[in-house]
Amino acid sequence: MSRTRPLLAPLLLRPFREDRGRFVLTVAGIAVGVATMAAILLANASVLSSFTATVDVVAGKAGLTVLADGPGIPEETLERLAWLRMKGVAIVPAVSVTVALAGGEGDVLELLGIDPVTDPSVRDYRFVAETADETSLEKLFGVFRAGAVLVPAPLAERLGLGPGAELGVLSGGAAHRLRVAGVLRMEGAARAAAGSVLFADLATAQEVLGREGFLDRIDLVLPAGLADADRTALEASVRDSLPPGVTVGRPERRTETVDRMVRSFRVNLTALGLVAFLVGTYFVYNTLSISVLRRRSDIGTVRALGASARSVFLVFLAEGAALGALGGALGVALGALLARVALAAVGGTATDFYLPQAAPVFTLAPSALATSFLAGLGTSILSALAPAVEAAQVEPASTLRHGSVEASRRRAVGPLALGGVAALALAALATRPGPVDGLPLFGFASVFLVIAGVSLLAPLAVVTVARLADGPAVRLLGVEARIARANLTGSLSRTAVAVAALSMGISMMVAVAFMVGSFRATVVDWVSQTLKADLFVAPESGRSQRALGRLPEEAIRLVEAVPGVASVDPFLSFEATRDGAPYTIGSGRFDLVAAHGDLPMADGSDTREVLARALARGEAVVSEPYSVKFGVKAGDTVTLPALDGPVALRVAGVYRDYSNDRGTVTIDRALFRRLFRMDGAGSLAVRLEPGVAPEEARRRLLSAAEGRFALRVQTNAVLREAALALFDRTFAVTWALEAVAIAVAVLGVFSTLLALVLERRREIALLRVLGASAARVARAVRLEAAALSSLGVVLGVAAGAAMGIVLVHVVNRQSFGWTIRTDVPWLFLAGALALVLLATLAAASRPARLAASTDPAAVLKEE
Amino acid sequence: MGARVEVVEVRKSWGAGGSGGDGAVAEALAGVSFVLDPGEFVALLGPSGCGKSTLLHLLGGLDRPSSGRVIVDGSDLARLSEADRDLYRRRTAATVFQLFNLLPTMTALENVALPLLLDGVPASEADGRAERLLGEVGLAAKSGSFPWQLSGGQMQRVAVARALVASPALLLADEPTGSLDSRSGAQVLDLIAELASARGVTVLLATHSDEAARRASRTLRLRDGLLER
């Protein structure tokens, strides 16, 4: 390196000072890629670590945890496990319920119901201003009083609550008054849900939850020094003592379940983030190529002065590394900022969809930061390799004969194109296999193979189009067309790469437009078929998008009694697990669904018929995601974890559902109540008598509930709007990513043209000598831009359509189990593509001006 | 018909920090006057750095003198508009350089046809005329070759063909044989002499070889920016 150092200043630093614009652009290009990746990784890490932290805190010192596959753990289970006490095992029951704070901004909190006697053996409680441990236990017993809660200090401070203060929480449409019995230090159990947690007695929590006699978990604290074999044996004996629908396992398994839930979301976002990266890589390659080009004679000179080819190579590699490090550092900082903002929007959606928990806390995960920084640095160095080799090959004091170098590259056109065809063939094959461990890995491989295939075909496309278009173009547009054509094919290594990069950006945009457009059209369609009721009623849930808790039966009766209400279909569900994978068991009134037919079946069969049959025979219907995920079809059976033992039901049909990608088994309400001994409703679909105005009915309903139930009542129009708004918010980040990819690709066309003009000063001078006017030289550059961008658009649209089909029919289906009808947003696409063409033409104006201002006499004198 | 060229007291100097020459030469041309009669073949001799190229650039309408006048067929080049100078280069004055005469990304035929296309001649006609001229310089078989597939002598013959394809009145040759071996050099010079005299084109051949100068009807010697008497 000591021999390389003297070269750094003349070859790198000084030129950069003179060429600040391009330097800034390159660093920004890398930073965008790194930032995108960092943001995705950080947001995910934050969501997951918030959840894991809560799981760890709640599990505390438990060695085994009993959880329910079905709707809950009957309290009698505690008696069945009583024998464990003889073995020195502590048995600690708990109930957890998500509530919204009444008033204020409707903050969402976890309410954990505990048994003050046994709980300290598994979780730690430390009170603010306590003196000795006994007082701590005494204070904990204060929770025994009905409606008493313990509050972590930061939450108490935020809400201005001291001991004895009152607070109201909402769950299941009921307001509950709670009283602060003590303030906890922010350690031990208080750290659950990042401190957005309340602790109450089991009975209090069960009352808030509206579900007496059921527990959510039983933690088992094993005696110290238990051998692994004994623990396994103990686990087996516990399993034998448990009632149906209740399982035992290590506490970690909950985290794994959640990880599985957010995984599809994460993988999909990461795949999109990779595109931003590809484009950034191209940027480094292009910038360094221009650097080598501009400094060719300088390199020749330092070589003549005795610098080795190796030192020159290292200098340019170092340049790539420096750009990568700088862009990486900037990108990581930008990504952290982005993640913080996105967590509120995207992370919030993901949380609402996937995690039964309060908002995640932003964590600066070092591994996420390091991964994205190193990825930026690595790809920068990789993309610096080719230009560095080119620099090292500059002969001492060389005069370049560019043509022959390009000629050798042109021989590669055929083999590259063959590789491209092979990649496309593989892409087609990769659509055949199913998902790998629930992830559409082959689908993503197919998408990237399409990108690779089209990129490899770009040189052939440039050469072929140039050859075919030359004659007509010259006749139509004059000699500038021939000059442009000659430049495009003469610098294939640059122009083909620019076309490939542009087509990559465009193909992603087209593919995403294709996918999101189709998805949106499908959802709009589905919403209009399913959301047919006039009013939708749910418990008031503050900030949460989900409905918290269950409305009691009285609330349902109250709604039914409101004048103008024709029918009420209560929807009631809970989360269950099948082979460790979460899914939903739901219920509704099949008689009403059969009458209205508002549950479209996946295979197009008649909903009324299927539901009427299911109701008569006691059968289930399953959602399409459930059918795809677990491979269950109409005619198969599903086994549900009923309280009195597993119940096998025949599947009457598969219905379309885009609201839940975990999958749902839906049965009639009466059957549901019998199997799971659960009543009330998560939400109500209300139909009105003909002629009753929804707004009026809504007012009547709210005033009827006044003082008894806190309800969220939405009219059909409002709910539909909210559903689509949620959809659009979820995909907003996708569009932002694609916009970045396109912008960077357009900038790529700009820098390629700039490189061509710089490289061809001598040729431009020659053209001027031959009598070409400055305007015509500029026109040739614009024609080059037009040709580059049209080729990029054509290839990009072709690739994008192929990728869109793979995304819709393979990736989406495999990761979410959704069938999406193809619906291309033509108008949007046409507008976007026109914008790309205009942008590239605008980007051509500076290179064109540069070409026009070339002074032939000055260039000729340089020799 | 060849051009009549009148060079009157032409001076060309570069401002401080100008990019040309070594800094010591403040004045490339220090008052040069001469006349070229139509159809004349004149050699311009002198060592490198004496101002030959500068003079040719002025005659070629690529640059303007600091003072003095260059009059070709009665019109003062310095007074022409940019558009007219472009036209002048397309129709009146053609140049052959020592190196890099050809556009590397175009075939020999496309290179030769380029001046015609620039002048608005339809592509088919331009290609036909270019083909004929390539035949005249003995390279009909190479019309589809790219410059890097040709030898140095062949490249210069293509350059000569391109210089003459638009029937110019003035041919400016700047050391056209400077980087060729003597046999190829002689071939190229023969071509220039033969084709130019057949068309009556006025030729100014800048060279430092006496051998080349012998083909000219007259010789001008330039030294330190001044013509020697």
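Things worth noting here:
- Over the protein assembly as shown, all Cα pairs binned in 10 Å intervals from 0 give whole-percent P(r) values of 2, 9, 15, 16, 14, 11, 9, 8, 6, 6, 4, 1, 0, listed from short to long.
- Peptides A:28-41, A:520-533 ranked from most to least packed, by the mean per-residue count of other Cβ atoms within 10 Å: A:28-41, A:520-533.
- Within 10 Å of each Cβ in B:83-94, the average number of Cβ atoms from other chains: 3
- Of A:459, A:35, A:730, farthest towards positive along the dipole that unit charges on Lys, Arg, Asp, Glu beta carbons give chain A: A:459
- Cα Rg, Dmax, chain B, angstrom units: 17.2, 51
- Segment A:61-250 - Rg over Rh from alpha carbon coordinates, Kirkwood radius: 0.99
- Debye intensity ratio in log₁₀ form over the Cα atoms of segment A:711-863, taken at each q of 0.09, 0.16, 0.17, 0.20 Å⁻¹: -0.49, -0.96, -1.02, -1.22
- On Cα atoms only, tilt of A:228-241 relative to the major axis of chain A in degrees: 50 degrees
- Peptides A:787-794, A:799-806, ordered by how many other C-beta atoms sit within 10 Å of their residues on average, highest first, read A:799-806, A:787-794.
- Inter-chain Cβ neighbour count for B:55-66, averaged per residue, equals 3 (cutoff 10 Å, partner chain atoms only).
- Neighbouring partner chain Cβ atoms per residue of B:117-128, average, 10 Å criterion: 4
- Tilt relative to chain A, helix A:826-843 - C-alpha long axis, 0 to 90 degrees, to 10: 40 degrees
- Mean separation of Cα contacts under 8 Å, 6 or more apart, over the residue count of segment A:61-250: relative contact order %: 38 percent
- Using only side-chain charges placed at the Cβ, +1 for Lys and Arg and -1 for Asp and Glu, the dipole size of the protein assembly as shown relative to its Cα centre rounds to 2860 debye.
- Once the Cα-Cα distance is subtracted from the 0.36 nm per residue extended length, the residue A:553 to residue A:609 segment shows a gain of 17.3 nm.
- Relative to the longest principal axis of the Cα atoms of chain A, helix A:492-530 runs at roughly 30 degrees.
- Relative contact order (percent, whole number), chain A, Cα cutoff 8 Å, 6+ residue spacing: 18 percent
- Equivalent ellipsoid of segment A:551-651: semi-axes from √(5λ) of the C-alpha gyration tensor, largest first, are 26, 19, 12 Å.
- Antiparallel bridges, percent of DSSP beta bridges restricted to the protein assembly as shown (to nearest 5): 70 percent
- Take A:470-480, A:156-166, A:438-448 and order them by the average number of nearby Cβ atoms within 10 Å per residue, most first; the result is A:438-448, A:470-480, A:156-166.
- Calculated P(r) tail over 18 Å for segment A:415-517, as whole % of Cα pairs: 59 percent
- Modelled FRET efficiency - R0 22 Å, residue A:835 with residue A:521, Cβ distances, 0.05 increments: 0.50
- Lysine pairs in the protein assembly as shown whose alpha-carbon atoms fall under 21 angstrom of each other, counting only those eight or more residues apart or on distinct chains, come to 4.
- In the protein assembly as shown, the DSSP-assigned H stretches of four residues or longer account for a calculated mean residue ellipticity at 222 nm of -17500 deg cm²/dmol, using -39500 (n - 2.57) per stretch and the full residue count as denominator.
- Within segment A:536-559, backbone nitrogen closer than 16 Å to the virtual label 7 Å beyond the Cα of residue A:212 toward Cβ: A:552-554
- Proxy reagent accessibility, fewest Cβ within 10 Å first, across A:381, A:742: A:381, A:742
The numbers here are math on the coordinates, done by the rules we state, and not lab data. Quantities reported herein were computed from a predicted structural model and do not represent experimental measurements. Counting neighbours? That spans all protein chains shown, and the Cβs are built from the backbone with ideal geometry, glycine included.
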